[in-house]
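Comments concern the structure below.
Read-outs throughout are calculated quantities, based only on the coordinates presented, and are distinct from any laboratory measurement. Computed from a predicted model, the values in this text were never measured in an experiment. No Cβ is skipped: glycine too gets one built from the backbone with ideal geometry, and neighbour counts run over all protein chains shown.
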Amino acid sequence: MIRVFVPGDTAAVAVGADEVAVALTATARGRGLGLELVRTGSRGAFELEPLVEVETATGRIGYARVAAEQVPALVAAGMFEGRPGHPAWIGRPEDLAFFRGQTRLTFARCGIVDPVSVEAYRAAGGWRGLAAALSLGPQGVVDAIKASGLRGRGGAGFPAGIKWATVAAASAPRKFVICNADEGDSGTFADRMLMEGDPFLLIEGMVLAGFATGAEKGYLYIRSEYPLAVRAMQRAIDAAYAAGLLGADVAGAGIRFDLEVRVGAGAYVCGEETALLESIEGKRGQVRAKPPLPAHQGLFGAPTLINNVLTLAAVPFILAEGAKAYADYGMGRSRGTMPIQLAGDIRHGGLFETAFGVTLGQLIDEIGGGTLSGRPVRAAQVGGPLGAYFPRALFDTPFDYEAFAARGGLIGHGGVVVFNDTVDLLQQARFALEFCAVESCGKCTPCRLGSTRGVEVVDRIAAGQRREANLALLQDLCETMKLGSLCALGGFTPYPVMSALTHFPEDFSPARRPEPAE
Amino acid sequence: MDHEGSSSASVAQLCREIVARHADREGALLPILQDLQAALGYVPAGAVPEIARALNLTRAEVHGALSFYHDFRSAPAGRRVVKLCQAEACQARGGRRVTAALERRLGVELGATSADGAVTLEPVYCLGLCASGPAALVEGRPVARLAEDRLEPLLAEGMP
């Protein structure tokens, strides 16, 4: 029996992986060959997709950027034996520099295992975190999370152990665990990739969170823009229930944990944790004032642990291998690994999981290989639409929460979007404000009105009207939004705007307009 | 507004069926509205009082949620919905040029439906295809590596 692996990840399907899978099946049948075709997630080197892998005695051999039309010729050239010679042949994917340079703790299985198989997950080391947790007890789990130094991967970087301890200590008739999978930041796709490629890891992380905090019900809030992730998680949850790994008696350990998927409805602000709570409750996704913290009064008024996908997905490793094994990676107060996402105009884009401390320049120039277009890199926006634009002069900044903050930026959810020299930073600043205006929940004035007024002010600067006065007004407006907004949407929109203004003042000068953006 | 196939009586019936499907869920309003839109392609105004009554909410609460989220429509879309990513990572890979080229090709602007009702072109902010863009969702199916001269995946089969 020939075993072939074709990713079912969105990034592979979007470039023809489904058609390739059909062609492989048809070609094998035409040749009278038995074929087992496994739809994995993606390994995360998106330029290689669709990346077909064939099992051989020397490991899995990859064929990159395969098109359905090529399949008969590839098979004729010995694809099913992993024979080299064809230009699509890349050998063993794990030998590529892009993968050799990574430290995959969270994404160890992604792109390799069958994401619908409970058994494949177990065989690849799954559920060892739960076994360890059962012997440690709930308090032991909380202590391990604290000792690991794990910080919230959604963007804020709040110490996860403190959040877990707060919910665990709360006494209430019921508590909830929520996984925030409303990954709306442009330049990020790690949550999506993990849900599509290793969904049981996230389920295990959520079960562990429920065990540690005493919550018996979990919600997984996934954005509607990720239809394949919704389907992958729903399949995995159904399989986990069927295998007794969710429900009234998880793994026969006497723990109850139920898990339900909720799908978003296209509101970026629902990635903010309190807006997300409102959304699950069936209301407008409007931000709540804090306090009370969700850990005290969250979903339906009950104590609620809310963490990002990557935070929860880091937990099984920490328990299975020990807090120290995780904390040994990283720098300063940023411990462990970060799944960094290289995006935009970059040659080797994709998911690069590595210990904190790698510099932005290493990520873009060495690992990413510079721009895909071949043009010079001019700027990188780090941390999504609310992150700062960094010029090359700041590319020595190490990937670390504090190091980015010290330079007026943030790492957010770990997205790095590379722009070449045709980018117009005034247009990008305008876009940041426009996006804020579209997505503002409307609850606080600085965000609701400031964003719209900001767009108008940028337009006046672009038109050369009272330039100095309008630049001063824009800075003043940003200061007001930063200090006066209820949540990060209004509060952080000034990051892209002010960084554009500070580091690329020439784009705001009267002599601007090199060329339209792109 | 009412459209063919969604008379007020049938909308009321459909609302009751969908609400019953979610009877054991807390905070079921969004899943109910999503199911309704999946069934009809939009959420008719006549559904608001039906759902409000069934969930013991005010009509203002239902309308408030309905009007807040970008996904919900109050009128049917075109026969094919193309959601084209407008976010930064796709911008950095030529997304603005692809949007302009597609608008010209289809003769419809972003956010509008073509006059013959064939296609609705909508902006979307990130599909998680940030190293493969410009990207789009066509009837819920992801497509990537688009370019000004590679718009075919966005066009209906047989279109010139």
| field | Residues of the range B:58-73 satisfying the condition of being more than 8 Å from chain A (Cβ to nearest Cβ), over 19 Å from B:THR113 (Cβ atoms) and in contact (Cβ under 8 Å) with a residue 12 or more places away in the chain | value | B:VAL62, B:HIS63, B:LEU66
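For the range A:276-289, which residues satisfy the criterion of being more than 10 Å from chain B (Cβ to nearest Cβ) and outside any loop (DSSP other than H, G, I, E, B)?
Filtering the range A:276-289 down to residues more than 10 Å from chain B (Cβ to nearest Cβ) leaves A:276, A:287-289.
Matches in the range A:276-289: A:LEU276 only.
Which residues, counting only those in the range B:139-155, are more than 10 Å from every other protein chain (Cβ to nearest Cβ) and within 14 Å of the chain's Cα centre (by Cα)?
Keep residues of the range B:139-155 that are more than 10 Å from every other protein chain (Cβ to nearest Cβ), which gives B:139, B:147-152, B:154-155.
Residue satisfying the conditions is B:GLU139 alone.
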| field | Of the criteria (1) more than 14 Å from chain A (Cβ to nearest Cβ); (2) touching a residue at least 24 places away in the same chain (Cβ under 8 Å); (3) surrounded by 18 or more Cβ atoms within 10 Å (Cβ to Cβ); (4) closer than 30 Å to B:PRO153 by Cβ, which one B:VAL108 fails | value | (2)
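Okay, residues lined up against (1) aliphatic (A, V, I, L, M); (2) within 11 Å of chain B (Cβ to nearest Cβ):
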position: A:LEU394; (1), (2): yes, no
position: A:ALA405; (1), (2): yes, no
position: A:GLY414; (1), (2): no, no
position: A:LEU426; (1), (2): yes, no
position: A:GLU434; (1), (2): no, yes
position: A:CYS444; (1), (2): no, no
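Which residue, of B:PRO76, B:PRO31, B:PRO44, is closer than 30 Å to A:LEU259 by Cα and either touching a residue at least 24 places away in the same chain (Cβ under 8 Å) or within 14 Å of another protein chain (Cβ to nearest Cβ) (or both)?
Working: B:PRO76 fails: closer than 30 Å to A:LEU259 by Cα; B:PRO44 fails: closer than 30 Å to A:LEU259 by Cα.
Only one candidate qualifies: B:PRO31.
Are any residues in the range A:173-201 part of a strand (DSSP E or B), farther than 14 Å from A:GLY154 by Cα and away from chain B (no Cβ under 11 Å), and if so, which ones? It would help to see each step written out before you state the result.
Quick first cut of the range A:173-201, residues part of a strand (DSSP E or B) only: A:176-181.
Adding the requirement that they be farther than 14 Å from A:GLY154 by Cα leaves A:176-177.
Hit for the range A:173-201 is A:VAL177, nothing else.
So which of A:LEU319, A:LEU363 ends up being of a type in the set (A, V, I, L, M, F, W, C), outside any strand (DSSP E or B) and either touching a Pro at 6+ places or on another chain (Cβ under 6 Å) or under 16 Å from A:SER148 (Cα atoms) (or both)?
Working: A:LEU363 fails: either touching a Pro at 6+ places or on another chain (Cβ under 6 Å) or under 16 Å from A:SER148 (Cα atoms) (or both).
After applying the criteria, what remains is A:LEU319.
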| task | Take the range A:299-354 and flag every residue that is small (Gly, Ala, Ser) and free of Cβ contacts under 8 Å to residues at least 24 places away in the same chain. | result | A:GLY301, A:ALA325
| Count - residues of the range A:85-128 that are in contact (Cβ under 8 Å) with a residue 60 or more places away in the chain, in a loop (DSSP other than H, G, I, E, B) and among the basic types (Lys, Arg) | 2
| query | Among the residues of the range B:116-132, is there at least one that is more than 14 Å from every other protein chain (Cβ to nearest Cβ), surrounded by fewer than 17 Cβ atoms within 10 Å (Cβ to Cβ) and free of Cβ contacts under 8 Å to residues at least 24 places away in the same chain? | reply | yes
| request: Check off (1) under 27 Å from A:CYS487 (Cα atoms); (2) over 20 Å from the mean Cα position of the chain (by Cα); (3) surrounded by 24 or more Cβ atoms within 10 Å (Cβ to Cβ) for A:ASP182 and give me the number that stays unchecked. | output: (2)
